[in-house]
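See below for the structure under consideration.
The values are calculated or read from the model by the stated rules, or taken from the named source; none is laboratory data. Bear in mind the structure is a predicted one, so any value in this text is a computation, not a measurement. For neighbour counting, all protein chains shown are included, and Cβ atoms are generated from backbone atoms with ideal geometry for every residue, glycine included. Side chains included, ligands, DNA and RNA excluded: accessible areas come from the protein's heavy atoms. Shrake-Rupley method; radii C 1.70, N 1.55, O 1.52, S 1.80 Å.
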Amino acid sequence: MYWIKRIPEIREVISEWTKDGATIGLVPTMGYFHEGHLALMEKARQENDYVVVSLFVNPIQFGPNEDFQRYPRDEERDRELAEKAGVDLVFNPTAEEMYGQGFQSYVEVTEISQGLCGASRPGHFRGVTTVITKLFNIVQPDRAYFGEKDAQQLRVIQRMVRDLNFPVEIKPVPTVREADGLAKSSRNTYLSPEERKAALVLSKSLFYAKEQVAAGEDSVQRLSASMKRMITGEPLVSLEYLEFRESATLRPVSTITGEVLIALAARVGKTRLIDNITVRPGRR
Ligand code: PAF
């Protein structure tokens, strides 16, 4: 497995691989791999001749008071896991390599980046779309793999790819959960045992809503009220948002008539977690 830090070097390897028409799958990550990342790598492995994983904690997608400095990092462990997952190349640039002196070009997706996480993380999605644009230009993948856990990120990137005609197929991969339902996230490592237990209320409330919708409930007001009651009943959890959005466009809905994304963000202690579920109208 290649471990490459420089852009000219990765370009050389990729052009050698693709000169006879081989396909490339890209898995963009910030490292500290868990089963969610491994699921992305596995899917990429199944669908492409070569798998490239980028491992880069992207400074420009973190706000000034966010966790950029303390974001978990463990390159040795990541190297072993990537190797085991059959990855062909890890691209692990420095911030200097990606945003050298004088950097001043950004990519911004306007409407769909607003609200939800965009409301409390100004500039976050601009940082994500800029780094993804750079990675697409550097790696030139045929396919790129993103987790459904980052529901808004996925839609922002899908919109960008359509709007700007990137020749890349975006492949969503379902959220991987712990046995008790907690969505896998690198940030789960910040949780104390008590917080880890309290965090379960998030996935529980989403599963509850899914069951209610399957049983015929279609009122967003009623569902939202019940979910908020469950979540606010947990003293260690403070809800940032709970939103019901049309799945494809992220426009707000008041009734469950089509495919709806129920998305939430909350602080568990000091740790900000996000989760979501997709529901469709059930029996009436
Ligand atoms: O989801 C992430 O880990 C990051 O936002 C991404 C897509 C790798 C961009 O830095």
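Here are the numbers for the structure shown:
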| read-out | value |
| --- | --- |
| Conditions (1) away from the ligand (no atom under 14 Å from the Cβ); (2) more than 20 Å from L26 (Cβ to Cβ); number of the one not met by S113 | (1) |
| Any hit, segment 151-161, residues being at pLDDT 95 or above, of a type in the set (A, V, I, L, M, F, W, C), more than 12 Å from the ligand (Cβ to nearest atom) and open to solvent by 60 Å² or more (accessible area, probe 1.4 Å) | no |
| Filtered residue count, segment 45-69, keeping only those that are out of contact with any Phe, Trp or Tyr (no Cβ under 7 Å at 6 or more places or on another chain) and free of Cβ contacts under 8 Å to residues at least 12 places away in the same chain | 4 |
| Residue list for segment 133-150, filter: within 11 Å of the ligand (Cβ to nearest atom) and in a loop (DSSP other than H, G, I, E, B) | K149, D150 |
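Table: residues versus (1) touching a Leu at 6+ places or on another chain (Cβ under 7 Å); (2) of a type in the set (V, I, T); (3) under 30 Å from R121 (Cβ atoms).
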residue: E9; (1), (2), (3): no, no, no
residue: T18; (1), (2), (3): no, yes, no
residue: G25; (1), (2), (3): no, no, yes
residue: A39; (1), (2), (3): no, no, yes
residue: N58; (1), (2), (3): no, no, yes
